[in-house]
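*Asks:* Here it is: the structure, laid out below.
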Amino acid sequence: MQMNISKIREILSKHQKWLNDEADGERADLSGADLRAADLSRANLRGANLRAADLSRADLSGANLRGANLSEANLRGADLSGADLSRADLSGADL
């Protein structure tokens, strides 16, 4: 089942708090999530867990994916232009 935009926003908000060491922050765990065609442009997903997520046709342009776990993720047709993939784990990812 595809994740709805409000749930994605909630996860991204908590992730930003986690990155800022704020009280109710939580690392984004989107492992196995159905994010087909999701608009994640300019999202800060640094260090997030996206293992085995379906990101096919997702807009990840300008996204911060530094150190993210994208192993086994489906990235077919995803827009990664301008995305920061430094130290991201792309092992087994379908590009």
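*Asks:* Ordered by residue, what ³J(HN,Hα) values in Hz, to whole numbers, does the range 27-37 give under the Karplus form 6.51 cos²θ - 1.76 cosθ + 1.60, where θ = phi - 60° and Gly and Pro are x?
*Replies:* 4, 5, 10, 10, 4, x, 6, 8, 10, 4, 6
*Asks:* Using Kirkwood radius over Cα pairs in Å as the read-out, say which of [x] 13.4; [y] 15.6; [z] 12.8 was calculated from these coordinates.
*Replies:* [z]
*Asks:* Next question, about the same structure. Can you give the relative contact order of the chain as a percent, counting alpha carbon pairs under 8 Å and 6+ residues apart?
*Replies:* 21
*Asks:* If I fit a long axis through the Cα atoms of helix 5-19 and take the longest principal axis of the Cα atoms of the chain, what angle between them do I get, 0 to 90°, rounded to 10?
*Replies:* Result, in degrees: 60.
*Asks:* Another question, if that's okay. Counting only protein heavy atoms, what percent of the accessible surface of the chain is carbon or sulfur at a 1.4 Å probe?
*Replies:* In the chain, the share of accessible area belonging to carbon and sulfur is 42 percent.
*Asks:* Can you tell me the accessible area per residue over the chain, all protein chains present, probe 1.4 angstrom, in square angstrom?
*Replies:* That works out to 55 Å² per residue.
*Asks:* Whole-Hz Karplus ³J(HN,Hα) for the range 58-64, in order, using 6.51 cos²θ - 1.76 cosθ + 1.60 and θ = phi - 60°, x for Gly and Pro?
*Replies:* Per-residue couplings from phi come out as 6, 8, 10, 4, x, 6, 8 Hz.
*Asks:* 222 nm [θ] for the chain, helices only, -39500 (n - 2.57) per DSSP H run of 4+, per residue, to 500?
*Replies:* Calculated mean residue ellipticity at 222 nm is -5000 deg cm²/dmol.
The values are calculated or read from the model by the stated rules, or taken from the named source; none is laboratory data. Just so it is clear, the structure is predicted and the values come from calculations on it, not from any experiment. Calculation scope for accessible area: heavy atoms of the full protein, side chains included, ligands and nucleic acids excluded. Shrake-Rupley method; radii C 1.70, N 1.55, O 1.52, S 1.80 Å.
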